[in-house]
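To start, the structure under review is shown below, and the notes come after it.
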Amino acid sequence: MATERIKSEITGTVWKILLAEGDAIQVESELMILESMKMEIPVESAVSGRIQSILVAPGDAVDEDQDLAIIEID
Amino acid sequence: MKAAVLREQNKPMEIEEVQISKPGPREVLVRPIAAGVCHSDLHFLDGSYPYMLPTILGHESAGVVEEVGKDVTYVKKGDHVITCLSAFCGHCNKCLTGHLSLCQSPEVSRAPEVESRLSIGGETVHQFLNLSSFAELMLIHEHALVKVREDMPMDRAALIGCSTTTGVGAVFHTAGVEPGSIVAVIGCGGVGLAAINGAAIAGASMVIAVDMVDSKLELAKAVGATHTINARSGNAVGEVLELTKGGCDYTFEAIGLKATAEQAFQMLCSGGTATIIGMIPVGTMVELHGVDFLMEKKIQGSNMGSNRFRIDMPRFVDFYLSGKLHLDQMISKHIKLADVNTALNALKSGEEARHVIMFDQ
C-alpha cells in the first residue's frame with residue numbers, strides 16, 4: 001500500500017495530537033498542533049487514508065522537514 | 001463578550017458572542033481600550049502563515065486591568081497596560097540570557113488538557129499568539145503585559161504593543177545601529193516607519209526610505225527619513241548604492257518578501273548588516289551571492305525587535321511623550337470592532353498606515 005509521510009514545515013514543539021494511529025484521515029484534516037514562537041500551527045494531511053503511525057509525542061521538539069506521521073493512502 | 005472570530009481563511013471575520021474563562025493564578029483579565037490592526041494579522045487571515053481555527057486575531061493593544069489571578073502581584077485592577085505577544089516564562093535559557101522575545105516555553109499558554117481561555121458554546125477558540133485582541137476582553141498571562149503611565153493615550157500605546165517595538169527594537173537591539181550610520185529601510189508600513197523613526201533616534205546620518213507608495217514615503221520623511229526612493233523605478237538597489245556611494249551600514253526589510261530580503265543584502269556596504277523584520281511566507285527560500293560573505297556582509301532575522309518589552313515599552317512611551325517617537329502620524333483612522341474586516345482590506349491595498357479599533361468604554 002502506498003504511504004505518505006507528513007512532515008513539519010517549521011521548527012517547534014508538538015503541543016497536541018488530535019488523532020490516533022489507525023484513525024481515518026481526510027485531505028486537509030488536522031492531525032496535530034505544533035507550537036512555534038507562541039503560534040499554534042496546525043499540521044494537515046495532504047492525502048486521505050488511515051494513520052499508519054505517529055512518530056512524535058506531545059512535548060517533543062521537532063525540526064523543519066522532520067517526519068511526523070505516516071499515512072496509508074486510500 | 002463580543003469578538004471578531006475567524007473561522008475560515010480568506011473569509012471575513014464575524015462578530016460573535018465568545019465566552020472567556022476566569023483568570024488562573026498567574027493570569028490577568030484586560031479590557032482593551034484600543035487595538036491596532038496590523039499587517040501581520042493579514043498573514044494569518046490569508047493563510048500565508050497557518051494557524052488553528054477558529055481564532056480571534058489581533059495582537060497589538062492597550063487597555064485597563066479588569067481582574068487579576070490570585071498569584072499576580074505585578075498589576076492590579078485599574079492599571080493601564082500594553083500587551084505583548086512576547087510572553088516570557090522568565091526561567092528558560094533564552095530568558096535567562098536576556099533573549100526574552102525568543103522564549104519558546106509553552107507555560108504562558110494554558111495546557112491542552114485545561115479549559116481553554118476562549119470558547120463558543122463549549123467549542124475551543126484558539127487564542128492568537130496568547131493575546132487575541134480583536135475582542136472586548138483579553139485573558140492573558142501576567143508576563144504578556146507591561147504597566148505604563150496613565151497620561152499615555154491608549155491608541156498610541158496600542159501601537160507600541162507591536163509595530164513600534166518591532167521596528168524600533170530591530171534598530172536598537174537586533175542591529176545595534178550606531179550614531180552616524182547609513183541606514184535603508186525597505187517597506188514603509190507601520191513597522192518600517194517605526195524602524196525609520198528608530199534609526200533617526202539612534203543618530204543615523206542618512207536614513208533612506210524605500211517604498212512603492214508616494215504617500216508612505218511622505219510619512220517616512222515626517223518620522224525621520226532623510227531620503228526616499230520610490231521602488232517603482234525598478235532599481236532601488238542601484239539608487240541606494242549610488243546615493244550612499246557604496247552601500248549601507250544597516251538595512252532593514254519590513255515587508256516579508258524574498259525579493260526585498262535579497263535587495264536588503266544587496267544594498268549593504270562591506271561589513272554591513274541586513275536585518276529581516278518582515279514575515280516571509282513559510283517554505284520560501286532566500287538566495288544570496290556567496291562571494292558577498294567575503295566582504296563580511298551579514299544577514300539576520302529579527303523577531304519582535306529582540307525586545308525586553310517590560311523595559312522597552314515604558315521607554316517608548318517616554319519617547320512619544322517627549323516628542324522623539326512619532327506615533328500620531330501612524331494612525332490613519334479610528335474604527336469600531338465591527339469594521340475590522342474593512343481595516344484589513346485597506347491594509348491589503350498598501351495605501352494606508354494603520355487603523356486602530358477603539359472599544360466602547
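The values are calculated or read from the model by the stated rules, or taken from the named source; none is laboratory data. Please read all numbers here as calculations on a predicted model, not as lab measurements. We place every Cβ from the backbone using ideal geometry, glycine too, and count neighbours over all the protein chains shown. Quick note on the areas: whole protein, heavy atoms, side chains included, nothing else; ligands and nucleic acids left out. Shrake-Rupley method; radii C 1.70, N 1.55, O 1.52, S 1.80 Å.
For the stretch A:25-37, name all the residues that are in a strand (DSSP E or B) and either surrounded by fewer than 12 Cβ atoms within 10 Å (Cβ to Cβ) or among the β-branched types (V, I, T) (or both).
Selection gives A:I25, A:I33.
What's the number of the condition B:S109 fails, among (1) at pLDDT below 95; (2) among the polar types (S, T, N, Q); (3) under 14 Å from the mean Cα position of the chain (by Cα)?
Here B:S109 meets the rest and fails (3).
Could you grab me the full set of residues in the stretch B:138-171 that are part of a helix (DSSP H, G or I) and charged (D, E, K, R)?
Selection gives B:E142, B:D155, B:R156.
Within the stretch B:332-346, which residues are open to solvent by 20 Å² or more (accessible area, probe 1.4 Å), part of a helix (DSSP H, G or I) and either charged (D, E, K, R) or more than 10 Å from B:A4 (Cβ to Cβ) (or both)?
Across the stretch B:332-346, the qualifying residues are B:D339, B:T342, B:N345.
Among the residues of the stretch A:50-62 satisfying the criterion of being touching a Gly at 6+ places or on another chain (Cβ under 9 Å) and either of a type in the set (D, E) or within 14 Å of chain B (Cβ to nearest Cβ) (or both), which is least open to solvent (accessible area, probe 1.4 Å)?
Among those residues, the one meeting the criterion is A:V62.
Looking only at residues that are over 16 Å from B:I335 (Cα atoms) and open to solvent by 10 Å² or more (accessible area, probe 1.4 Å) in the stretch B:28-38, which one is nearest to the other protein chains (Cβ to nearest Cβ)?
The initial filter retains those residues of the stretch B:28-38 that are over 16 Å from B:I335 (Cα atoms), namely B:28-31.
Then keep just the ones that are open to solvent by 10 Å² or more (accessible area, probe 1.4 Å); that gives B:29, B:31.
Working: B:L29: 19, B:R31: 22 Å.
Top of the filtered list is B:L29.
Mind listing whichever residues of the stretch B:41-80 are among the β-branched types (V, I, T) and open to solvent by less than 10 Å² (accessible area, probe 1.4 Å)?
Passing the criteria: B:T55, B:I56, B:V65, B:V75.
Here are B:A111, B:A87: which of them is in the same structural domain as B:L6 (by TED's automatic domain parsing) and over 18 Å from B:L137 (Cβ atoms)?
On the way: B:A87 fails: over 18 Å from B:L137 (Cβ atoms).
None of the others qualify; the one that does is B:A111.
Considering (1) in a loop (DSSP other than H, G, I, E, B); (2) open to solvent by 30 Å² or more (accessible area, probe 1.4 Å); (3) assigned by TED's automatic domain parsing to the domain that holds B:C188, say which one B:E352 fails and leave the rest.
If we test B:E352 against (1) in a loop (DSSP other than H, G, I, E, B); (2) open to solvent by 30 Å² or more (accessible area, probe 1.4 Å); (3) assigned by TED's automatic domain parsing to the domain that holds B:C188, just (3) comes out false.
Tell me, which strands (runs of 3 or more DSSP E) wholly within the stretch B:50-136 include 1 or more residues that are in contact with a helix residue (DSSP H, G or I) (Cβ under 7 Å, 6 or more places away or on another chain) and more than 13 Å from chain A (Cβ to nearest Cβ)?
Result: B:61-68, B:80-83.
Yes or no, residue by residue, for (1) modelled with pLDDT under 95; (2) open to solvent by 40 Å² or more (accessible area, probe 1.4 Å); (3) among the acidic types (D, E):
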{"position": "B:V185", "(1), (2), (3)": "no, no, no"}
{"position": "B:G198", "(1), (2), (3)": "no, no, no"}
{"position": "B:G203", "(1), (2), (3)": "no, no, no"}
{"position": "B:V210", "(1), (2), (3)": "no, no, no"}
{"position": "B:D214", "(1), (2), (3)": "yes, yes, yes"}
{"position": "B:G238", "(1), (2), (3)": "no, no, no"}
{"position": "B:G247", "(1), (2), (3)": "no, no, no"}
{"position": "B:T251", "(1), (2), (3)": "no, no, no"}
{"position": "B:Q266", "(1), (2), (3)": "no, yes, no"}
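Output the strands (runs of 3 or more DSSP E) that fall wholly within the stretch B:188-253 and possess 3 or more residues being touching a residue at least 60 places away in the same chain (Cβ under 8 Å), or say none.
Passing ranges, in order: B:248-253.
So which residues in the stretch A:1-32 are β-branched (V, I, T) and within 11 Å of B:P106 (Cβ to Cβ)?
Answer for the stretch A:1-32, where residues must be β-branched (V, I, T) and within 11 Å of B:P106 (Cβ to Cβ): A:T13, A:V14.
Collect the residues in the stretch A:1-49 that are more than 12 Å from the chain's Cα centre (by Cα) and more than 27 Å from B:I280 (Cβ to Cβ), keeping them in residue-number order.
Of everything in the stretch A:1-49, those that are more than 12 Å from the chain's Cα centre (by Cα) and more than 27 Å from B:I280 (Cβ to Cβ) turn out to be A:M1, A:A2, A:T3, A:G22, A:D23, A:A24, A:Q26, A:S48, A:G49.
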